[in-house]
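The values are calculated or read from the model by the stated rules, or taken from the named source; none is laboratory data. Worth saying up front: this structure is predicted, and the values here are computed from it rather than measured. Virtual Cβ from ideal backbone geometry, glycine too; neighbours counted across all protein chains shown.
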Amino acid sequence: MYTAPSPVGEPTTHRLERPLDELVPAPVVARMRRLRLALMVGGAIGLIPWIVFLVTTLPANYVAHNWPATWVGFDVLLVAFMVTTAVLVFLRRQLVPLTAFTTGVLLICDAWFDVMTAGPHDLWVSTLTATLVELPLAVILITTALRILRLTVTRLPLEMPRKSVSGNTRQEGASLLLQNASANAQIAAARTRIYNP
């Protein structure tokens, strides 16, 4: 396990402080990146003929089976992600971006299917709830997730161990402590603005 010196002189063993090659070898990272890229490009290319097929073959009207179970199941999933996001925000956990982003995407899907499957009498209600409730909430959740992610990525270099070029003198150590304290205060203020708008 990698033990990095901390600014206060105590050894730390945080995973983020380890060199990347120690966690995952570079060839493995490159292979995983190529595989994921191939899957996404292949999936996108494969969906194009599928979409053309659907456009030409799907009927305008279709009687869906298990309609109540489909919508109730989707709404239960949406509520579960909303509650999870709320709990994680309350506990100030770093998993908030994952659940917030997912909840936002589910809200967009819900708005889309509500409007697209609404009957003539229900279309205005579906459109109204989509534009006034679901889509604005989705935008708030997704942008908040991206802001937290950006803050986290910005903060990581501040938590990484710093090594002095000329050696760790007492004066340089004190200077690092002051820099870290100032940066951490700025991050705490930014985090407060994100979690408590």
- Considering only the stretch 62-74, state which residues are surrounded by 11 or more Cβ atoms within 10 Å (Cβ to Cβ) and not β-branched (Val, Ile, Thr). TRP71, GLY73, PHE74
- Which is on the phi < 0 side of the Ramachandran plot, under 12 Å from the mean Cα position of the chain (by Cα) and either in contact (Cβ under 8 Å) with a residue 40 or more places away in the chain or surrounded by 14 or more Cβ atoms within 10 Å (Cβ to Cβ) (or both), of LEU77, LEU98? LEU98
- Message: For a quick check of your reading of the model, give me the residue pairs whose first member lies in the stretch 115-141 and is at pLDDT below 95 and assigned to a helix (DSSP H, G or I), whose second is aliphatic (A, V, I, L, M) and loosely packed, with under 13 Cβ neighbours inside 10 Å, with beta-carbon atoms closer than 7 Å and at least 6 apart or on different chains.
- Response: none
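From the list GLY173, GLY104, which residue is in a helix (DSSP H, G or I) and modelled with pLDDT of 95 or more? Spell out the reasoning first.
Numbers: GLY173 fails: modelled with pLDDT of 95 or more.
Just a single option satisfies the conditions, and that option is GLY104.
Please determine whether any residue of the stretch 39-61 is in contact with an Asp or Glu (Cβ under 7 Å, 6 or more places away or on another chain), among the hydrophobic types (A, V, I, L, M, F, W, C), free of Cβ contacts under 8 Å to residues at least 40 places away in the same chain and surrounded by 10 or more Cβ atoms within 10 Å (Cβ to Cβ).
First pass over the stretch 39-61, keeping only residues in contact with an Asp or Glu (Cβ under 7 Å, 6 or more places away or on another chain): none.
No.
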- In this structure, does PHE90 turn out to be closer than 28 Å to THR143 by Cα and modelled with pLDDT under 95? yes
